[in-house]
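Colleague: Before we start, here is the structure in question, set down as structure tokens.
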Amino acid sequence: AQSVTQLDSQVPVFEEAPVELRCNYSSSVSVYLFWYVQYPNQGLQLLLKYLSGSTLVKGINGFEAEFNKSQTSFHLRKPSVHISDTAEYFCAVSAGGGTPLVFGKGTRLSVIA
Amino acid sequence: KAGVTQTPRYLIKTRGQQVTLSCSPISGHRSVSWYQQTPGQGLQFLFEYFSETQRNKGNFPGRFSGRQFSNSRSEMNVSTLELGDSALYLCASSLDRVKAANPRASNEKLFFGSGTQLSVL
């Protein structure tokens with residue numbers, strides 16, 4: 001079975017500062033990793049995903065994440081955040097083959113002007 | 001292309017009642033998954049349907065059930081509501097998650113609706 005731990009439930013950061021949202025996973029098999037974002041009163045939308053290949057994955061809105069197999073981590077980063085990045089971010093893992101996505105509990109990013 | 005549509009947007013029920021939530025997937029999507037989102041537990045997987053068959057099931061009691069129709073629309077039902085069932089219920093559709101056995105397939109991408117906020121009083 002897979003599991004995901006998002007190490008920070010809330011992350012406040014000033015506008016134009018860099019941010020890192022941390023995600024660690026646990027799995028006995030190879031996994032696919034995802035970051036989703038949820039804006040207020042909306043559903044989730046995919047930011048980026050790691051399926052295979054390059055461990056540095058670039059997503060939408062200037063976000064990127066790095067897959068680190070030895071650390072079992074998939075941290076999300078952005079070099080300069082905007083007010084509009086204020087949202088909840090979810091890390092998710094799947095073993096593929098149609099198995100359900102398992103989500104972390106989310107990290108609430110608050111960007112301060 | 002219209003996105004995933006969930007109705008109703010908000011629901012208020014009392015303990016012991018039952019409720020039915022509806023989800024219309026993106027046109028052409030055949031897989032529908034349901035998740036329960038609460039502040040303390042995050043997103044928890046309820047079940048997934050594909051071609052009118054339940055393909056995966058999460059760890060929820062039998063009071064939670066679902067079905068999928070031939071047009072891929074899905075409903076979930078919760079009977080004998082409890083206070084702890086208060087949550088945002090999210091539906092997500094995808095083309096066909098079985099094809100995700102191919103790691104380069106994009107079928108793992110779930111498209112989420114805005115959810116139904118259920119409050120049990």
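Colleague: Would you check if there is a residue in segment B:46-60 being open to solvent by less than 60 Å² (accessible area, probe 1.4 Å) and at pLDDT 95 or above?
Modeller: Yes.
Colleague: Can you report the number of residues in segment A:85-113 which are within 24 Å of A:Asn41 (Cβ to Cβ), at pLDDT below 95 and more than 7 Å from every other protein chain (Cβ to nearest Cβ)?
Modeller: Going through segment A:85-113 one residue at a time, the tally reaches 2.
Colleague: Exactly one condition in (1) of a type in the set (Gly, Ala, Ser); (2) at pLDDT 95 or above; (3) surrounded by fewer than 21 Cβ atoms within 10 Å (Cβ to Cβ); (4) under 12 Å from the mean Cα position of the chain (by Cα) is not met by A:Ala17; state its number.
Modeller: (4)
Colleague: Sticking with this structure for a sec: Anything in segment B:65-87 that is within 14 Å of chain A (Cβ to nearest Cβ) and of a type in the set (A, V, I, L, M, F, W, C)? List them, or say none.
Modeller: B:Ala87
Colleague: Do we find that B:Thr5 is modelled with pLDDT of 95 or more, β-branched (Val, Ile, Thr), buried (at least 18 other Cβ atoms within 10 Å of the Cβ) and touching a Cys at 6+ places or on another chain (Cβ under 9 Å) in this structure?
Modeller: The answer is no for B:Thr5.
Colleague: Can you say whether B:Val19 is in contact with a helix residue (DSSP H, G or I) (Cβ under 8 Å, 6 or more places away or on another chain), modelled with pLDDT of 95 or more and open to solvent by less than 60 Å² (accessible area, probe 1.4 Å), as far as the supplied structure shows?
Modeller: When the stated conditions are applied, B:Val19 does not pass them.
Colleague: I've got another one for you. Using beta carbons and a limit of 9 Å, which pairs, at least six apart or on different chains, have the first residue in segment B:42-64 and within 9 Å of chain A (Cβ to nearest Cβ) and over 16 Å from B:Leu21 (Cβ atoms) and the second one open to solvent by 40 Å² or more (accessible area, probe 1.4 Å) and among the aliphatic types (A, V, I, L, M)?
Modeller: Once the first residue is within 9 Å of chain A (Cβ to nearest Cβ) and over 16 Å from B:Leu21 (Cβ atoms) and sits in segment B:42-64, its partners that are open to solvent by 40 Å² or more (accessible area, probe 1.4 Å) and among the aliphatic types (A, V, I, L, M) give B:Phe50/B:Val98; B:Arg55/B:Val98.
Colleague: Look through segment B:86-110, keep the residues that are modelled with pLDDT of 95 or more and open to solvent by 10 Å² or more (accessible area, probe 1.4 Å), and return whichever of them is nearest to the chain's Cα centre (by Cα).
Modeller: Selected residue: B:Leu88.
Colleague: Right, another one. Would you check if A:Gly53 is open to solvent by 20 Å² or more (accessible area, probe 1.4 Å), more than 27 Å from B:Pro39 (Cα to Cα) and out of contact with any Asp or Glu (no Cβ under 6 Å at 6 or more places or on another chain)?
Modeller: So A:Gly53 fits the description; yes.
Colleague: Is it true that some residue in segment A:25-44 is surrounded by fewer than 20 Cβ atoms within 10 Å (Cβ to Cβ), at pLDDT 95 or above and assigned to a loop (DSSP other than H, G, I, E, B)?
Modeller: No: segment A:25-44 contains no residue that is surrounded by fewer than 20 Cβ atoms within 10 Å (Cβ to Cβ), at pLDDT 95 or above and assigned to a loop (DSSP other than H, G, I, E, B).
Colleague: May I ask you to verify whether B:Ser31 is open to solvent by 10 Å² or more (accessible area, probe 1.4 Å) and over 14 Å from B:Asp85 (Cα atoms)?
Modeller: Taking the combined requirement at face value, the residue does not satisfy it.
Colleague: With the checklist (1) more than 26 Å from A:Val37 (Cβ to Cβ); (2) in contact with a helix residue (DSSP H, G or I) (Cβ under 9 Å, 6 or more places away or on another chain); (3) charged (D, E, K, R) in hand, flag the one item B:Glu48 doesn't pass.
Modeller: Going through (1) more than 26 Å from A:Val37 (Cβ to Cβ); (2) in contact with a helix residue (DSSP H, G or I) (Cβ under 9 Å, 6 or more places away or on another chain); (3) charged (D, E, K, R) one by one, B:Glu48 breaks only (1).
The values are calculated or read from the model by the stated rules, or taken from the named source; none is laboratory data. Please read these numbers as outputs of a predicted model, since none were measured by experiment. Positions of Cβ are generated from backbone atoms using ideal geometry, with glycine treated the same way; all protein chains shown enter the neighbour counts. These area figures cover heavy atoms from the full protein model, side chains too; ligands, DNA and RNA do not enter into them. Shrake-Rupley method; radii C 1.70, N 1.55, O 1.52, S 1.80 Å.
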